2 protein chains.
Amino acid sequence: MSSTSRAGRPKASSRETLAEAACELFLERGYDATSVADITQRAGVSRSSFFNYFSSKSDVLWSGLDERITTAVDDLAAVPHDRDGTEVRHILSALVADFAPDSLALAMTNSSAMGLDDELEQDAALRQARLAAALADLARRSGVVSLTADIAAATWAAAVLAAVRAWAESGAGRGSVGDRFAEAVRAIARLPWSPSAI
Amino acid sequence: MSSTSRAGRPKASSRETLAEAACELFLERGYDATSVADITQRAGVSRSSFFNYFSSKSDVLWSGLDERITTAVDDLAAVPHDRDGTEVRHILSALVADFAPDSLALAMTNSSAMGLDDELEQDAALRQARLAAALADLARRSGVVSLTADIAAATWAAAVLAAVRAWAESGAGRGSVGDRFAEAVRAIARLPWSPSAI
DNA sequence: ATCGATAAATGGATTGCGTCTAAGAATACT
DNA sequence: AGTATTCTTAGACGCAATCCATTTATCGAT
């Protein structure tokens with residue numbers, strides 16, 4: 001809590017230094033063509049240090065969202081049951097509130113230039129799944145049958161990631177991720193392709 | 001088309017030989033503790049040959065579904081537009097029709113024994129995302145706004161994978177994947193947690 | 001039978017991610 | 001000074017996946 005950390009060697013390189021170096025290289029050479037060694041070399045630190053700051057190469061882009069998903073997952077796990085979905089909406093709204101992912105937005109808008117199209121799609125799928133798993137658990141706790149819980153959970157998790165995607169692709173300037181998520185929630189209410197429309 | 005392949009050295013080891021060896025080892029030691037070299041050693045072929053049959057280690061479990069998803073993706077791409085979702089339901093029904101994934105079902109039912117819980121969740125997410133991408137494209141072609149298209153697509157893709165999961169976890173004996181998918185489609189019509197329920 | 005053409009199997013090298021460990025370096029507290 | 005704490009770093013490791021050159025097996029045609 002105090003400004004000076006109590007003891008120990010101070011950090012020589014910040015997360016942001018590494019993230020900047022990584023994004024530069026992703027733009028220059030593309031994601032696949034950039035190795036972790038390249039990133040640390042440009043940042044002026046050893047390769048080992050990279051994994052003190054990020055758990056993987058893709059984590060450079062996703063750590064911001066990952067943290068928020070982690071707290072959301074924890075919050076969802078703490079809810080005993082949620083019959084009408086009120087808790088879910090609140091927790092997911094908190095997830096996206098004031099969310100402005102620097103590196104991720106850059107990557108999403110320049111995905112084709114970075115050769116990231118596939119990579120981003122897959123990484124997003126993993127985050128979506130992690131969130132969906134927590135949502136499905138809560139749904140089952142709330143009495144929803146397993147099959148239905150999986151589907152409803154996937155829908156809400158997709159709303160979160162679609163909101164981030166839409167926000168990034170619309171220049172990341174207009175509106176917030178939260179606004180996009182509100183749109184997404186409204187969209188769920190009137191989903192097309194519903195079998196009930198037959 | 002003819003029974004005898006025209007020329008060239010005949011295949012010495014079948015896909016199934018490798019798949020069986022892999023599943024055995026997954027059950028014995030777990031997924032992570034089983035290397036590709038272990039699999040090929042038990043199957044009696046060289047490590048290089050493994051990648052002539054499977055594109056990755058996890059592909060051993062998922063190749064069956066992957067093939068079906070590939071054709072579904074192609075079919076979806078060939079549809080110019082689908083305003084009421086009729087085509088979507090047909091293509092997805094075809095995807096799951098008479099689907100009985102041997103290795104995958106075994107892995108899903110024994111996921112905890114194989115130390116596969118995380119692995120399967122992630123692999124499933126990737127398949128779900130691939131299908132969802134094709135569905136979202138079609139939705140956009142059909143005039144659905146991008147944000148909504150992503151969400152609706154995720155819902156349907158989730159229905160497919162949830163059906164497979166539900167089928168595998170119910171002993172893989174009772175009913176078919178197709179039956180489960182029909183259930184899933186009915187579930188979509190009356191999704192809980194809908195904001196319209198406010 | 002012999003000879004190519006084709007297709008598969010193989011050995012081996014390579015790259016890169018992610019993990020781990022032991023050693024070293026910088027700081028604060030006493 | 002000494003000590004505990006915290007970070008950095010070098011280096012090695014295992015493994016997945018790719019790549020290439022070589023070998024082996026079968027075909028069809030001469």
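Given the condition of a type in the set (D, E, K, R), over 19 Å from residue B:68 (Cβ atoms) and facing chain A (nearest Cβ under 10 Å), answer yes or no: does some residue in region B:120-129 qualify? Yes, region B:120-129 contains at least one residue that is of a type in the set (D, E, K, R), over 19 Å from residue B:68 (Cβ atoms) and facing chain A (nearest Cβ under 10 Å).
To keep it simple, each residue is scored yes or no on (1) in contact with a helix residue (DSSP H, G or I) (Cβ under 8 Å, 6 or more places away or on another chain); (2) in a loop (DSSP other than H, G, I, E, B); (3) within 14 Å of DNA strand C (Cβ to nearest atom); (4) of a type in the set (Lys, Arg).
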{"residue": "A:60", "(1), (2), (3), (4)": "yes, no, yes, no"}
{"residue": "A:65", "(1), (2), (3), (4)": "yes, no, no, no"}
{"residue": "A:84", "(1), (2), (3), (4)": "yes, yes, no, no"}
{"residue": "A:108", "(1), (2), (3), (4)": "yes, no, no, no"}
{"residue": "A:112", "(1), (2), (3), (4)": "no, no, no, no"}
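Any residue that is in contact (Cβ under 8 Å) with a residue 12 or more places away in the chain and not small (Gly, Ala, Ser) - is there at least one of those in region A:1-13? Among the residues of region A:1-13, not one is in contact (Cβ under 8 Å) with a residue 12 or more places away in the chain and not small (Gly, Ala, Ser), which makes the answer no. Restricting attention to region B:38-67, the residues being charged (D, E, K, R), within 9 Å of DNA strand D (Cβ to nearest atom) and over 30 Å from residue B:135 (Cβ atoms) number 2.
Quick check on residue A:105: is it under 13 Å from the mean Cα position of the chain (by Cα), surrounded by 19 or more Cβ atoms within 10 Å (Cβ to Cβ), under 18 Å from residue A:69 (Cα atoms) and within 8 Å of another protein chain (Cβ to nearest Cβ)? In short, no. Of the residues making up region A:166-176, those that are more than 7 Å from chain B (Cβ to nearest Cβ) and touching a residue at least 12 places away in the same chain (Cβ under 8 Å) number 6.
Please work out which residue is farthest from the other protein chains (Cβ to nearest Cβ), limiting yourself to region B:12-37 and to residues that are surrounded by fewer than 18 Cβ atoms within 10 Å (Cβ to Cβ) and within 11 Å of DNA strand D (Cβ to nearest atom). Here the answer is B:12. Look at region B:67-83: where a residue is more than 22 Å from residue B:143 (Cβ to Cβ) and a partner is of a type in the set (D, E, K, R), sitting 6+ places away or on another chain with Cβ atoms under 7 Å, you get B:69/B:127; B:69/B:130.
Just for region B:137-165: of the residues that are in a helix (DSSP H, G or I) and among the polar types (S, T, N, Q), which one is farthest from the other protein chains (Cβ to nearest Cβ)? Before the answer, list the steps.
Within region B:137-165, the subset in a helix (DSSP H, G or I) is B:137-141, B:146-165.
Subset that is among the polar types (S, T, N, Q): B:146, B:148, B:155.
Numbers: B:146: 6, B:148: 4, B:155: 5 Å.
Looking at residues that are in a helix (DSSP H, G or I) and among the polar types (S, T, N, Q), I get B:146.
Checked against (1) at the interface with chain A (Cβ under 8 Å from one of its Cβ atoms); (2) under 20 Å from residue B:90 (Cα atoms); (3) not acidic (Asp, Glu), residue B:134 passes all but a single condition, namely (1). Among the residues of region B:29-50, write down those that are assigned to a helix (DSSP H, G or I), more than 8 Å from DNA strand C (Cβ to nearest atom) and within 25 Å of the chain's Cα centre (by Cα). Correct list: B:29, B:36, B:37, B:38, B:39, B:43, B:50.
From the list B:119, B:87, which residue is of a type in the set (Asp, Glu) and touching a residue at least 60 places away in the same chain (Cβ under 8 Å)? Break it down stepwise before answering.
Details: B:87 fails: touching a residue at least 60 places away in the same chain (Cβ under 8 Å).
Result of the check over B:119, B:87: B:119.
Can you find a residue in region A:59-77 that is surrounded by 22 or more Cβ atoms within 10 Å (Cβ to Cβ) and more than 27 Å from residue A:18 (Cα to Cα)? Yes. Report yes if some residue within region A:68-81 is more than 18 Å from the chain's Cα centre (by Cα), in a loop (DSSP other than H, G, I, E, B) and within 16 Å of DNA strand D (Cβ to nearest atom); otherwise report no. Checked region A:68-81: no residue is more than 18 Å from the chain's Cα centre (by Cα), in a loop (DSSP other than H, G, I, E, B) and within 16 Å of DNA strand D (Cβ to nearest atom). Checked across region B:127-142, the condition of being on the phi > 0 side of the Ramachandran plot and not hydrophobic (A, V, I, L, M, F, W, C) holds for no residue.
Laboratory data are not the source of any read-out in this text; all were calculated from the coordinates shown. In this text, all values refer to a predicted model and were calculated from it rather than measured experimentally. Cβ sites come from the backbone with ideal geometry, for glycine too, and all protein chains shown count toward neighbours.
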